[in-house]
Amino acid sequence: MIDGHVEFTFDLGTGTASLRSPWTVSLGEWHRLWISRTGKLAVMRVDNQPEVQVLSPEAFTQLSLPLSMYIGGVPDFDTVPAQIKVRTSFKGCIQKVTINEKPLQIVRGALSGANVANCPHPCVAKPCGDDVQCVPIFDKYKCVCDRRCNSSDGDQVSFDGTSFVHYTGHEVQQRITDGHLDINMRFRTTALTGLILWTGRSDRSADFLALGLQDGRIEVTYDLGSGETVLRYNTTGLPINDGHWHRMKFTRDERLSALTIDNGTKMITISTGRLKQLNTNTGLYLGGTEDVEKSTGKRYRKGFVGCISDFILNTDYQVKLSWSTGKERVCIS
């Protein structure tokens, strides 16, 4: 940070090249920084500011870094090249660092450090409990379940349209990508719209499955790679956003899928094309995602508002719901 701007400087051995954010960044707020270097070309973007680029001088294209990487400062600024204008350590919060798509364990992965403390954040209070990982997302968070997240009967949880839980364990991933998928849960809501469940691909390619509320009715949309298929529960009965508990069951056997609410009529459809497998790799999101509009292609604008209980995958795996220790996450039967 120099005079409120973000600067990036590098040297491939033939002289320095620098990038500077077009605008200053606001203080006391979270910001997202993205930097990429390919050969001599470096690109930087801060939040939604215009992207800036620079080419390193001369012909060298390799970056040789025999020393360790430091975050936040260095033990001795005399070791920093004179071309670097900054001579003070960073004062602020760093929440997430990803290098070549691999998240860095900022504290646990460090060889050493000094004067490092937790920043104020809801995750410090362990809102997901002791057995589930709390992952910060700016001022908010998500609860990430790994292989430990199976549970006993009776689990239930509430969502407020921005809260969600992310399941990444093998037991869940294996079941949602199997040729046969069975989703069985109880829910209640008074909302007209909202994303209840989503799984997709990290590269935003075709395969995905989204289950949610549209106009007070359950709708399932999925793509096996041959185009979207929509299955909507639109029987002549009343919408199910009446504040009462309902049971929803969705099954998919390769291209054939079925949807049932309570003891109503079973709605059936067959997906287009010849592909039969749901090839997702993001795990399973319940209640919403980090960015609902982006994940669902603007099909949904927000997450689910209401309660979910008794969530079972493929008839044999009860998914943990009551991960939170706070009363605000508990549904009243």
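The values are calculated or read from the model by the stated rules, or taken from the named source; none is laboratory data. Keep in mind that what you see is a predicted model, and the values were worked out from it rather than measured. Ideal geometry is used to build each Cβ from the backbone, glycine not excepted, and the neighbour counts take in all protein chains shown. To get the accessible areas, we keep the full protein, side chains included, count just its heavy atoms, and leave off ligands, DNA and RNA. Shrake-Rupley method; radii C 1.70, N 1.55, O 1.52, S 1.80 Å.
Which residues, counting only those in segment 169-208, are open to solvent by less than 50 Å² (accessible area, probe 1.4 Å), of a type outside the set (Val, Ile, Thr), within 15 Å of the chain's Cα centre (by Cα) and under 22 Å from residue 301 (Cβ atoms)?
195, 197, 198, 200, 208
Any chance segment 273-292 includes a residue that's in a strand (DSSP E or B), among the aliphatic types (A, V, I, L, M) and more than 18 Å from residue 175 (Cα to Cα)? Write out each step before concluding.
Our first condition is that a residue be in a strand (DSSP E or B); within segment 273-292, this holds for 284-286.
After this cut, where a residue has to be among the aliphatic types (A, V, I, L, M) as well, the list is 284, 286.
Add one more test, that the residue is more than 18 Å from residue 175 (Cα to Cα), and what stays is none.
There is no residue in segment 273-292 that is in a strand (DSSP E or B), among the aliphatic types (A, V, I, L, M) and more than 18 Å from residue 175 (Cα to Cα).
State which residue is least open to solvent (accessible area, probe 1.4 Å) when the search covers only segment 113-127 and only residues that are touching a strand residue (DSSP E or B) at 6+ places or on another chain (Cβ under 6 Å) and not in a loop (DSSP other than H, G, I, E, B).
123
From the list 9, 14, exactly one residue is surrounded by 13 or more Cβ atoms within 10 Å (Cβ to Cβ), part of a loop (DSSP other than H, G, I, E, B) and at negative phi. Which is it?
Checking each option against the conditions leaves just 14.
Looking at (1) more than 19 Å from residue 181 (Cα to Cα); (2) under 27 Å from the mean Cα position of the chain (by Cα); (3) in contact (Cβ under 8 Å) with a residue 40 or more places away in the chain, which one does residue 216 not meet, given that it meets all the others?
Residue 216 satisfies all of (1) more than 19 Å from residue 181 (Cα to Cα); (2) under 27 Å from the mean Cα position of the chain (by Cα); (3) in contact (Cβ under 8 Å) with a residue 40 or more places away in the chain except (3).
Where the second residue is in a strand (DSSP E or B) and modelled with pLDDT of 95 or more and the first is within 14 Å of residue 50 (Cα to Cα) and of a type in the set (Val, Ile, Thr) and lies in segment 1-23, which pairs have Cβ atoms under 6 Å and are six or more apart or on separate chains?
Cβ pairs passing all conditions: 6/46.
Out of 287, 283, 306, 273, report the one residue that is in contact (Cβ under 8 Å) with a residue 12 or more places away in the chain, more than 16 Å from the chain's Cα centre (by Cα) and surrounded by 15 or more Cβ atoms within 10 Å (Cβ to Cβ).
When all the criteria are applied, what remains is 306.
Working only within segment 209-232, note down all residues that are open to solvent by 20 Å² or more (accessible area, probe 1.4 Å) and under 23 Å from residue 156 (Cα atoms).
214, 217
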